[in-house]
Amino acid sequence: MTIDTHVHFWKYNRQRDAWMDGMKILQKDYVPDNIASTLKRNGVDGCVAVQADQAEVETRFLVELSKTHSFIKGVVGWVDLRANDLNERLEHFKQYDIIKGYRHVVQSEPDDFLLRKDFQEGVSALKPYNYTYDILLYHRQLKAAATFVTLFPDQKLVIDHCAKPDIRNKEIAEWSKWMKEIAQQPNVFCKLSGLFTEAAWKEWSPADFYPYLDVVFEAFGTDRLMFGSDWPVILVSGYYVQWKSLLEKYMENFSEDEREKVFGANAIAFYGL
């Protein structure tokens, strides 16, 4: 199976979705019916729906969508990992098998946020429920992430969007150093997603991404990399088919087994789809 590990859905709300300012194409509703034909056309069998808003209502929204759209194979929701009643909330959401893990928008937090004890305690509460944790951050936050990942050797962790390297300015050295260090933790995976929007919007060429792909493929290997589109955010800078085709072209000399892992098998194993 081919699995897209990173798709978002929302009913656009101008006040809540202020982060979309300057990205007019995103300022409308994006629901499963909007991507169904795209997935089919690109030979994608299913997707993981990932939270975009930090509220429990977001988690319930994605769960409800999954009930009527069978191609949603898993949900990465949001729960307040610093709440005093966290275990009660996790116990509540346990009733929904479709929820595979959780995410916090760390990229909007201070650079040392991952080092905060209350947040770390929250992440440690996920393991007994076999939940995954998606690490969404900017490249400048990687130093803190490198420490963070060493604290959870038994927790399934995944770096979203390759930690958003500064492709636009072709900066790679510092990002590469920390990504290689993080990859030394065998429980940490990485999503091949979100890179179009880190390059010059709609002015990139495939060659812009190859040095960054070289780094993560060498560091994580094909056992710990997962294809993701970051739809619909990808539309700011390109099209779904362009990203999937770019990755397929990059991997054309890899074995069939390696391609199957990156485009589906790793996602099924990581998220328990």
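Every number in this text was worked out from the coordinates using simple rules, so none of it is lab data. In this text the structure is predicted, and so the values were computed from the model without any measurement. Cβ sites come from the backbone with ideal geometry, for glycine too, and all protein chains shown count toward neighbours.
Just want to confirm a number: the relative contact order over the stretch 3-271, from Cα pairs under 8 angstrom separated by 6+ residues, in percent.
18 percent
What range in the chain is the longest one free of GluC sites (Glu not before Pro) that are in a loop by DSSP and have at most 14 other Cβ atoms within 10 angstrom?
The reported range is 1-170.
Lys and Arg at +1, Asp and Glu at -1: add these up for the other residues within a Cβ distance under 12 Å of Gln242 and post the number.
+2
Would you calculate a helix-derived [θ] at 222 nm for the chain, using -39,500 (n - 2.57) for each DSSP H run of n ≥ 4 and dividing by the full residue count, to the nearest 500?
Only helices count here, giving -9500 deg cm²/dmol.
Only bridges whose two residues both fall in the stretch 3-271 count here: according to DSSP, what percent of them are antiparallel, nearest 5?
Within the stretch 3-271, antiparallel bridges account for around 5 percent of the total.
Would you mind counting up the charge near Pro232? Only other residues with Cβ under 14 Å from its Cβ, with Lys and Arg at +1 and Asp and Glu at -1.
Around Pro232, the surrounding residues sum to -2.
D for the chain, whole µm²/s, Stokes-Einstein with Kirkwood Rh over alpha-carbon pairs at 37 °C and 0.692 mPa s: what number?
For these conditions, the coefficient is 176 µm²/s.
Would you mind working out the magnitude of the charge dipole of the stretch 3-271 relative to its Cα centre, with +1 at each Lys and Arg C-beta and -1 at each Asp and Glu C-beta, to the nearest 20 Debye?
With only Lys, Arg, Asp and Glu charged at Cβ, the dipole is about 340 debye.
How big is the Cα convex hull of the stretch 159-273 in projection, averaged over all directions, in nm²?
Across all orientations, the stretch 159-273 yields a mean hull projection of 6.7 nm².
Mind pulling up the Rg/Rh value for the stretch 100-168? Radius of gyration and Kirkwood radius, both on Cα.
0.95
Please arrange Val75, Val106 by how many other C-beta atoms lie within 10 Å of their C-beta, fewest to most.
Neighbour counts put them in this order, fewest first: Val106, Val75.
Rank the residues His8, His161 as a footprinting-exposure proxy: fewest other Cβ atoms within 10 Å of their Cβ go first.
Neighbour counts put them in this order, fewest first: His8, His161.
To the nearest Å, what is the center-to-center distance of the stretch 38-69 and the stretch 117-191, using C-alpha atoms only?
The stretch 38-69 and the stretch 117-191 have Cα centres separated by 23 Å.
If R₀ is 30 angstrom, what is the calculated FRET efficiency for the pair Asn87 and Asp111, using the beta carbon separation as r and rounding to 0.05?
Computed FRET efficiency for Asn87 and Asp111: 0.60.
From the C-alpha coordinates alone, can you work out the Kirkwood hydrodynamic radius of the stretch 36-181, in Å?
Taking every pair of different Cα atoms in the stretch 36-181, averaging 1/r and inverting gives 16.4 Å.
Using the Cα centre of the stretch 171-225 as origin and beta-carbon charges of +1 (Lys, Arg) and -1 (Asp, Glu), tell me which of Gln185, Phe217, Ile172 is placed farthest towards the positive end of the dipole.
Checking the options against the dipole of the stretch 171-225, the answer is Gln185.
Projected onto the charge dipole of the stretch 3-271 (+1 at Lys/Arg Cβ, -1 at Asp/Glu Cβ, origin at the Cα centre), which of Thr59, Ile159, Phe148 gives the Cα projection farthest towards the positive end?
Thr59
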